[in-house]
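K.L.:
Could you have a look at this structure, given as structure tokens, before my questions?
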Amino acid sequence: MLILFSSLGTYGHTYPLLPLARAARQQGHEVLYATTEELHPTLRALDLTPVTAGMPLEEAFALASGGAQFPPVGPPPTQGESLELAAKAFTEVLPRRLAADLAPVLADRRPDLLVHELGAPGAGLAARVAGVPALCHGFGRVGPALTWEAVTGQFADVAAELGVALPSEHAFLVGHPYLDICPPSWQDKAFTPASGRLPLRPVAFAEPGELPAGVAEHDRPLVYLTLGTAFGHADVLRGALAALAALDVRVLVAAGPTVQVEALGEVPENVLVRQWVPQARVLPHTDLVVHHGGSGTTLGALAAGVPQLVLPQGADQFDNGAALAEAGLGEQLLGQEVTAEAITERARALLADEVVRAAARAVAAEIATMPSPEEVAARLHEYAR
């Protein structure tokens, strides 16, 4: 069976699909993976055949904002500004380009099944036009940012250009069954796709790498700090680093691709800064994760049973932070709340809060019971032509 996977060309949108794509390949299926060239080396290392499609997120946001730089220079955007910009990029610019790029691939290769992630509905549109069966693969919790009326309306215009009628609800699924990697207890109860839902265990993926020094020793509580791969701001990361260093803990910082290590200056003795860390291997050793609220880090921390302190920087991160706090799995700080004193105090409280820790471990136990990528890969033929 020939299966085509497709995602946006970012780590946060590609990595969640790789466990299933790899499982399908290991079960003998031919697997093509359509995304931008930046991710192609990772795909080849997993014996997946890369196909160039879509555009870098930076280019899409620049087009959506009339040429502004992404990530933005200066203070992070407000929640409203972030959602407005993301809506145009994710519902107009990116889907239109991805659908156009995949049309000749689908016509030439005629895959038996297409698996597109929720953030790449342009691939779902291309599948509908070509008459190829498809599944929509989630990358996290489906919150209000992904069901916003403005988002649905803008995407409907793109679909109409291609002659595709969208369902009245959950338009990004394009009417396809949904592979849900969010644990049921944490998924938005309003998300009830009529096309059907298949649970799939979220398995954290990271490039191979050694654990940084001191992570495994655990002589003091370990706090992991990251602002992810898309919305990192040096000022925010520097301030959070200093606030956490005031505690009697070890702090491991992943600067990511948007913040250079040198920009963080000299760091205290109990802080270790790296440009990149194998996050999937780090999370099980942590006692607290302080992060941006990206879906990959959020689910990874939940699977590890670790409390979280969220400092949202953009897009759906505000939804994730609010949902974590509401479920008693952590806390979030917004806007003017993000001060050194607040980060120190909230982190100290979460490290000592056994109620939050127990709630996080309960979700981890729930995740462990969800069907594995190997189990779901064995069923993909049921959805193919």
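K.L.:
Within region 105-123, count every residue that is at negative phi and not in a helix (DSSP H, G or I).
P.N.:
Residues meeting the conditions: 10.
K.L.:
Can you tell which of ALA213, ALA255, ALA263 is buried (at least 17 other Cβ atoms within 10 Å of the Cβ) and of a type outside the set (Ser, Thr, Tyr)?
P.N.:
ALA255
K.L.:
For region 298-320, what are the residues that are in contact with a Ser or Thr (Cβ under 9 Å, 6 or more places away or on another chain) and modelled with pLDDT of 95 or more?
P.N.:
Matches in region 298-320: ALA301, ALA304, VAL306, GLN308, VAL310.
K.L.:
Given the criteria among the aliphatic types (A, V, I, L, M), more than 13 Å from LEU4 (Cα to Cα), assigned to a loop (DSSP other than H, G, I, E, B) and in contact (Cβ under 8 Å) with a residue 24 or more places away in the chain, does VAL129 qualify?
P.N.:
no
K.L.:
Being part of a helix (DSSP H, G or I), crowded, with 21+ Cβ neighbours inside 10 Å and touching a residue at least 40 places away in the same chain (Cβ under 8 Å): is that true of LEU43 here?
P.N.:
no
K.L.:
Consider region 186-210. How many of its residues are farther than 27 Å from ALA126 by Cβ and either surrounded by fewer than 14 Cβ atoms within 10 Å (Cβ to Cβ) or touching a Pro at 6+ places or on another chain (Cβ under 7 Å) (or both)?
P.N.:
Summing the residues that are farther than 27 Å from ALA126 by Cβ and either surrounded by fewer than 14 Cβ atoms within 10 Å (Cβ to Cβ) or touching a Pro at 6+ places or on another chain (Cβ under 7 Å) (or both) in region 186-210 gives 8.
K.L.:
Now a separate question. Would you point out the residue of region 101-126, among those that are of a type in the set (D, E, K, R) and touching a residue at least 40 places away in the same chain (Cβ under 8 Å), that is surrounded by the most Cβ atoms within 10 Å (Cβ to Cβ)?
P.N.:
Going through the qualifying residues, I end up with GLU117.
K.L.:
If VAL338 satisfies every condition in (1) free of Cβ contacts under 8 Å to residues at least 60 places away in the same chain; (2) over 19 Å from TRP186 (Cα atoms); (3) among the aliphatic types (A, V, I, L, M) but one, which is the exception?
P.N.:
Among (1) free of Cβ contacts under 8 Å to residues at least 60 places away in the same chain; (2) over 19 Å from TRP186 (Cα atoms); (3) among the aliphatic types (A, V, I, L, M), the lone unmet condition for VAL338 is (1).
K.L.:
Related question: All but one of (1) within 19 Å of the chain's Cα centre (by Cα); (2) at pLDDT below 90; (3) not in a helix (DSSP H, G or I) hold for SER82; which doesn't?
P.N.:
Only one criterion is unmet by SER82, namely (3).
The values are calculated or read from the model by the stated rules, or taken from the named source; none is laboratory data. In this text, all values refer to a predicted model and were calculated from it rather than measured experimentally. Methodologically, a virtual Cβ is constructed for each residue, glycine included, from the backbone with ideal geometry; neighbour enumeration extends over all protein chains shown.
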